[in-house]
Structure formats: C-alpha cells, structure tokens
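The block underneath contains the structure these notes are about, expressed in structure tokens.
The values are calculated or read from the model by the stated rules, or taken from the named source; none is laboratory data. Only a predicted model underlies this, so the values are computations on that prediction, with no experimental measurement involved. Positions of Cβ are backbone-derived with ideal geometry, glycine not excepted, and every protein chain shown enters the neighbour counts.
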Ligand code: FES
C-alpha cells in the first residue's frame, strides 16, 4: 500500500535549483518550476552521476557527467546518451510541505 511521506519544505527548494534529498536510504532529486515540484531518482540511468548536481532549465535536467537529459515531469530520457528513464515519484504540495508517494 502506498503512503505519502513528507520529505522537505517548499522553502528549501528554489525554482531551477535541484535539491538532493535522502529518503529511507535512497537519494532523490527534487526540482521546482514556479509552484510545481517534481521528484526523480537522483542516480542517472546512464552511469554513476547525481542528477541533482546537473543543470536544470525549465522542465529539463542535464546530467553533469555526459550531458544526457531528462524531462523532470516524467523521468523520460530526452537526450543521448541517456536512453532509459529514471524513476519518477508522484509529488503533492500541502502548504509548505512537499510529500512524495512511496
Ligand atoms: S551518467 Fe548521466 S548521461 Fe552519463
């Protein structure tokens, strides 16, 4: 059964500046675009790199290692050499609380 877990405060997360959060030992990358918040696995699907250290432009995150790109809304790979998607987590914002579904 899934549950909603509070993982961060919205004021920790600046628009366009990814944030690394560790939840139950797993690293997640949080992204904010305006008032919208998105969560993906932090580990790039191509090799060992942290997506939260990449450059975010709008809904696109560029991996710092080889330049693969992902759509932060879906986790879908949109630019080579990234081919496989990264896991996306449903996010809910309640007031200042950011929750993900686990
Ligand atoms: S490790 Fe991310 S594109 Fe290669």
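Against the condition free of Cβ contacts under 8 Å to residues at least 60 places away in the same chain, under 13 Å from residue 100 (Cβ atoms), away from the ligand (no atom under 16 Å from the Cβ) and in a strand (DSSP E or B), how does residue 7 come out, does it pass? No, not satisfied. Of the residues that make up segment 72-93, is at least one over 25 Å from residue 3 (Cα atoms), at pLDDT 95 or above and either crowded, with 16+ Cβ neighbours inside 10 Å or within 12 Å of the chain's Cα centre (by Cα) (or both)? Yes, because at least one residue in segment 72-93 is over 25 Å from residue 3 (Cα atoms), at pLDDT 95 or above and either crowded, with 16+ Cβ neighbours inside 10 Å or within 12 Å of the chain's Cα centre (by Cα) (or both).
Listed by first and then second residue, the pairs with beta-carbon distance under 6 Å, at least 6 apart or on different chains, first residue in segment 61-84 and at positive phi, second surrounded by 15 or more Cβ atoms within 10 Å (Cβ to Cβ), are 75/40; 75/85; 75/86; 75/88.
Within segment 32-44, the residues that satisfy the criterion of being part of a loop (DSSP other than H, G, I, E, B) and without any contact (Cβ under 8 Å) to a residue 40 or more places away in the chain are 34, 42. Residue 13 falls short of the stated requirement of being within 18 Å of residue 95 (Cβ to Cβ), surrounded by fewer than 19 Cβ atoms within 10 Å (Cβ to Cβ) and at pLDDT below 95.
Counting only strands (runs of 3 or more DSSP E) that sit completely within segment 61-102, those holding 2 or more residues that are within 12 Å of the ligand (Cβ to nearest atom) correspond to 69-71, 77-79. Take the conditions (1) exposed (fewer than 14 other Cβ atoms within 10 Å of the Cβ); (2) in contact with a strand residue (DSSP E or B) (Cβ under 9 Å, 6 or more places away or on another chain); (3) modelled with pLDDT of 95 or more; residue 24 misses just one of them, which is (3). With respect to the numbered conditions (1) within 16 Å of the ligand (Cβ to nearest atom); (2) in a strand (DSSP E or B), which one is the sole condition not fulfilled by residue 47? Here residue 47 clears every test but (2).
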